[in-house]
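Participant: First the structure, then my questions, so here it is.
The values are calculated or read from the model by the stated rules, or taken from the named source; none is laboratory data. Worth saying up front: this structure is predicted, and the values here are computed from it rather than measured. Ideal geometry is used to build each Cβ from the backbone, glycine not excepted, and the neighbour counts take in all protein chains shown.
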Amino acid sequence: MPDDSTTQAIDTAARMLRNDLERTCGASPAAAVALETALAGRRAWVDAWPEGAEHVPGLVAQDVQEIIHASVDDRWPMCPEHLDHPLFIEPDLGPDAFWVCDRSGLPVAPVGGL
Ligand SMILES: [Zn+2]
């Protein structure tokens, strides 16, 4: 039986990351595959730990980034200020994850807000 709260958490993360991907790399087929792979991987995780739902967007963002770095572009998403390095997710595990410039240490945008 499908768990609605799992589906909701996954759908929310999907919406946020789809926005970030569309704004930064034009929703390429490779990006869509990366997102689907990351979402599928996290579904079992949130099924096993429903209280972790608020962490899912930040985790999916990190998973998508890892997949894209390995296969497409090792600088996604590009820091809009420096244009020569990628942004990273902070915190590694937590609600309200942000894309952060590791050079300035400053948050650039929330996940879903690039
Ligand atoms: Zn930067």
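Participant: Among the numbered criteria (1) surrounded by 13 or more Cβ atoms within 10 Å (Cβ to Cβ); (2) without any contact (Cβ under 8 Å) to a residue 12 or more places away in the chain, which one does Ala44 miss?
Facilitator: Of (1) surrounded by 13 or more Cβ atoms within 10 Å (Cβ to Cβ); (2) without any contact (Cβ under 8 Å) to a residue 12 or more places away in the chain, only one is false for Ala44: (1).
Participant: Separate question: If you scan the stretch 14-41, which residues turn out to be in contact (Cβ under 8 Å) with a residue 60 or more places away in the chain and either in contact with a Cys (Cβ under 7 Å, 6 or more places away or on another chain) or not polar (S, T, N, Q) (or both)?
Facilitator: Arg15, Met16, Leu17, Asp20, Arg23
Participant: Those residues that are of a type outside the set (Ser, Thr, Tyr) and either assigned to a loop (DSSP other than H, G, I, E, B) or farther than 19 Å from Trp99 by Cα (or both), I need them from the stretch 11-41; list them, please.
Facilitator: Passing the criteria: Asp11, Gly26, Ala27, Pro29, Ala30, Ala32, Val33, Glu36, Ala40, Gly41.
Participant: Pairs please, first residue from the stretch 97-108 and touching a residue at least 60 places away in the same chain (Cβ under 8 Å), second anywhere and of a type outside the set (Gly, Ala, Ser) and within 10 Å of the ligand (Cβ to nearest atom), Cβ atoms under 7 Å, 6+ apart in sequence or on different chains.
Facilitator: Matching pairs, first to second residue: Trp99/Leu87; Trp99/Val108.
Participant: Taking the condition among the small types (Gly, Ala, Ser) and buried (at least 22 other Cβ atoms within 10 Å of the Cβ), does Ala53 pass?
Facilitator: So Ala53 does not fit the description; no.
Participant: Among the residues that make up the stretch 101-114, is at least one of them out of contact with any helix residue (DSSP H, G or I) (no Cβ under 7 Å at 6 or more places or on another chain), modelled with pLDDT of 95 or more and away from the ligand (no atom under 13 Å from the Cβ)?
Facilitator: Within the stretch 101-114, one or more residues are out of contact with any helix residue (DSSP H, G or I) (no Cβ under 7 Å at 6 or more places or on another chain), modelled with pLDDT of 95 or more and away from the ligand (no atom under 13 Å from the Cβ).
Participant: Okay, moving on. Looking at (1) crowded, with 17+ Cβ neighbours inside 10 Å; (2) more than 9 Å from the ligand (Cβ to nearest atom), can you tell me which one Cys79 breaks?
Facilitator: (2)
Participant: Would you mind stating whether Pro29 is away from the ligand (no atom under 16 Å from the Cβ), of a type outside the set (Lys, Arg), closer than 18 Å to Ser5 by Cα and surrounded by fewer than 14 Cβ atoms within 10 Å (Cβ to Cβ)?
Facilitator: So Pro29 does not fit the description; no.
Participant: Which of the residues spanning the stretch 82-94 are of a type in the set (A, V, I, L, M) and within 9 Å of the ligand (Cβ to nearest atom)?
Facilitator: Scanning the stretch 82-94 gives Leu83, Leu87.
Participant: Another question, then. Return the residues of the stretch 80-114 that are in contact with a Leu (Cβ under 7 Å, 6 or more places away or on another chain), assigned to a strand (DSSP E or B) and not aromatic (Phe, Trp, Tyr); say none if nothing qualifies.
Facilitator: Within the stretch 80-114, Val100, Val108 qualify.
Participant: Now for a different question. Please determine whether any residue of the stretch 58-75 is part of a loop (DSSP other than H, G, I, E, B), under 17 Å from Gln8 (Cβ atoms), β-branched (Val, Ile, Thr) and away from the ligand (no atom under 16 Å from the Cβ).
Facilitator: No.
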